[in-house]
1. What residues have an amide H closer than 5 Å to that of B:His52, excluding those fewer than 5 places away on the same chain, when H is modeled at 1.01 Å from N in the peptide plane?
2. Please give the charge dipole size of the stretch B:106-200, origin at the Cα centre, charges +1 on K and R Cβ atoms and -1 on D and E Cβ atoms. Round to the nearest 20 debye.
3. Positive end of the dipole of the stretch B:218-325, charges at C-beta (+1 Lys, Arg; -1 Asp, Glu), about the Cα centre: which of B:Ala229, B:Leu287, B:Leu262 has its Cα farthest in that direction?
4. Hey, got the average number of other protein chain Cβ atoms within 10 angstrom for residues in B:222-229?
5. Given the convex hull over the Cα atoms of the stretch B:106-200, what projected area results after averaging over all orientations, in nm²?
6. Out of residues 5 or more away from B:Lys532 or on other chains, whose amide H comes under 5 Å of its own, with H placed 1.01 Å from N in the peptide plane?
Amino acid sequence: MEAMIILILISLTVAVGFLIAFLRIAGSGQFEDMISPAVRMLGDDTPPPPAQTETNQQ
Amino acid sequence: MYCIFHFQPNTIILISMPSTLISTPTVTSAESLIDAKHGTKPGQNTGPRCHHCHDRCTDEVITVGGYHFCCNGCLAVYNLISAHDLCDYYDIDQTRSRASLRIGQVETAHYAVLDESEVAKGLGLISRGEEASIRLVCPAITCASCLFLLNNLSKFNPAILSSRADFADKAVTIWFRPDGIQLSEVAGVLAKLGYPPLLQPPTAQGQGQTEWTASRALLKRLGLAGFCASNIMMLSFPAYLGLDQQLIQQLQPVFTLLSVLLALLVVGYSAWPYYSKTWLNMRHGQLSVDFPIALAITTLLFRSLAEVGFQTGTGYFDSLSGLIFLLLIGQWMQTRYYEGLSFGHQLDQFLPFTCQVVSGQDDDSTPTTRLVSTLKGGELVLVRTGETLPADLKVVSAKGAMIDNAYITGESEAVLVQEGEEVWAGAKLISGSLVGLVEKLPQQSYLAQLWKRANQSADGKSVSTPLANAFVRWFVITTLGIALLAASYWLSSDTGLAINAFTAVLMVACPCALTLAMPFASGQAVSLLAAKGLYLKSGQVFERLAQLNQIVFDKTGTLTDVGQTDGISWYNQAGQKSDVPALVRSLISLASTANSHPALLAACKYLRCCSQGQDPAALKQLRLLHIQQLLGQGIVVSTDHGLFRIGGMEFCGGAWHGQLETPADGSVVVVAQEETILGYFLIRQPLRSDMLMMMKQLASTFALSVSTGDSAAGASVLGPIQRMIPSLSVRFNQKPEDKWIYIKGLIEAGNAVLMVGDGLNDGPAMRTATIALAVTQGGHQFNPAADALVSDKALVNLPSYLTFAKSTLRMVTVSFWLSLVYNAIGLSLAVSGHLSPMVAAFFMPLSSLSVVALAVILTRWQAKRLLSTITDFSTTTTN
């Protein structure tokens, strides 16, 4: 049954990886602002491209 | 075998839970609800909605390109936005009213100080070669559209490289090229768009950061507890399910070892605050609700470790981690608040950010701009008209200086300052200028003392309520009593069983009604109430809301209706009631854009209503040259059509032929052109009829009182209320300190006091009250020292809100009885000494969850029963 134990350890290692990722994300404050990032993502695509070139030319 | 493959997905689900578990409340602002459809009579609100701010156009309607605008300010911002192809702004968040964006006049002049390098550094400017970045707090950020616009600031000026708005902190970080744009211009761009930045040192902004740190820590603890609980549960299943005995015997040691490690992790990290808080409270001689929790956790851990150590069983690690996970979810729910609003309140916001320091009191010495934080005692400070005093000063020279001490003393009449007098920080200079010697620094000023004292007395507020404390004491004594009885019963026959029974009682008895049901119910109630127009700072405020027995109204202004149009009328030169002439109309609307004198605003609102349907071309085109407010007297408006005076009779002067009567409940505003009096507005302040009803309703359950800074004459409008409610006590001429002492006295006498006020100049009293409810009126962008916010229109629903809170707390008591039943079942199993780990693992979470579910369902039912009559605020319709 060593296979079982190895599998458990592997799965736990993977899960711990996710846990560490979560702790880091939570620590960096990503869960505090659930609204701005979504809007920021939208904002990149929506402005019409001509407006950007116009600004660059100025 | 199957359980192994469940590890990973299960863990991921639990890890991501905190984000999905809490549904994000809808985003609105306090301001947006003010002009929402609720609370206004039908017919009064028929104008089209402004394309920019979504406010109803109550007065003038400017129509450009098929869009309607309520004022020139909105039109200007629209033009600015459309000129830069950012009209998506109007498409992102169509449902929200953005009344806070309505701006009369943009003042960018006072941002000039930002160009001084020291000031910019003090504000947190970071320069890196050709690039600089700054983070500015803009309280007007209320919706997704705001974020879109502020993320695209680079469109407005090529020297702005990029910008990034943060909703949670209501701040925008801007990267720009200092050689292309000055910081003052950056602030100006924000102000022009309707998002004037607050000038605060980063330390004041950072106060909010400590709250974030606490919530981050809680989130991490929650995540770790969820991770451990789910994995320990998986590791425990094989033993419970009685799979192949041989298999289990081989695997069990490994499973147990892993469980022990995970359990130690969860107790050591996730449950640590329960220990530290218990210890802290014990040192103060108090028993908090953390004590029984810490006791249960400790007992669970040590009994499980003992079982594993002596190989008598598998332990209760799954129950232990599950319990901690559930408790932390409850704690998380308690911190829920309405995200669209920020409630922080700092003294720094009332004091200026910069000041002018002079070397001598002569006129020729040039003042240097300095940060208030760098001010030293004995320095000379120059204060000009409109500025706020940065520190307690001893006046060295004064030129016609009049100061308004409203914030400090509540006295709104300005006083003339003489040389040698002492003036307080926070006072505003209304006219003239003065040079003062710094006596006390801002941190030691009289205002700061007042502030600190109020904070000290408010400390008790954040800790648990007396009700909870009484419950905890009762709970701990009972639990320990039962545990000892059970142990002593078994002690004579079986020592092992005695220990088992003793520990099992401590493990099973969990005050989950208090630690879980209440937070979930109040968290639920916070979002339900937000939809109905009452915004609470946290779930704890809701708990306190249910215990109130006394209501103190801070100002008469909330009860009277200044803007009521039938309370105001125009009398012409002959003293006869008539229509308002076009010249006066245009004068008033012109002056009100530049000055916010309450009488002017009332007159302006009146004019908007009665000028509807009239030809706007009939208005005279006046051009504003200069406007000056002399407090306590009136306003002088100089235009291209001559000099106008608006104010009292003596102030305006000139010959008067008509008859002038001043009724007891009204005031007179005279308008004069040069030396000729054009006529006067008679402004009455009738009591709002709905307020009268509200007071009557409240008087049946609560002790009511009014504590106001107004004079006895000003408060005479309260007559009808006093006649209706004889028990109403009215206190006049109350300074903030008097109010604070009054509230403190009430609290010390064992009352739970709700203070209803505007939240601006009564910080100390508001902080002392059990709950401070701030009534917001149009355009307030301030974050008052309040636990709760309500718009002046929704205030009439106060009885409903309070009834809801009280009945919800009763409902939570029902779920509290249910948890007692569970505790009784659990205890009867425990005292018999036969609490198997499997029973505990199912019983404990199941009982907690059903108690929580019951509390939430009952809360929702109460909301449906009691709040359904109130119009929904979150679903503001457009056009």
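1. Counting only residues 5 or more places away or on other chains, the set is B:Cys70.
2. On the way: 8 positive and 10 negative charges, 65 e Å.
Value, rounded to 20: 320 debye.
3. Result: B:Leu287.
4. Working: counts 2, 8, 4, 0, 2, 6, 1, 0.
Mean number of neighbouring Cβ atoms from other chains: 3.
5. Details: hull surface 21.6 nm².
It is 5.4 nm².
6. For B:Lys532, the qualifying residues are B:Phe873.
Read-outs throughout are calculated quantities, based only on the coordinates presented, and are distinct from any laboratory measurement. Keep in mind that this is a model prediction, so the values were computed, not measured. Please note: Cβ atoms are built from the backbone with ideal geometry, for glycine as well, and neighbour counts cover all protein chains shown.
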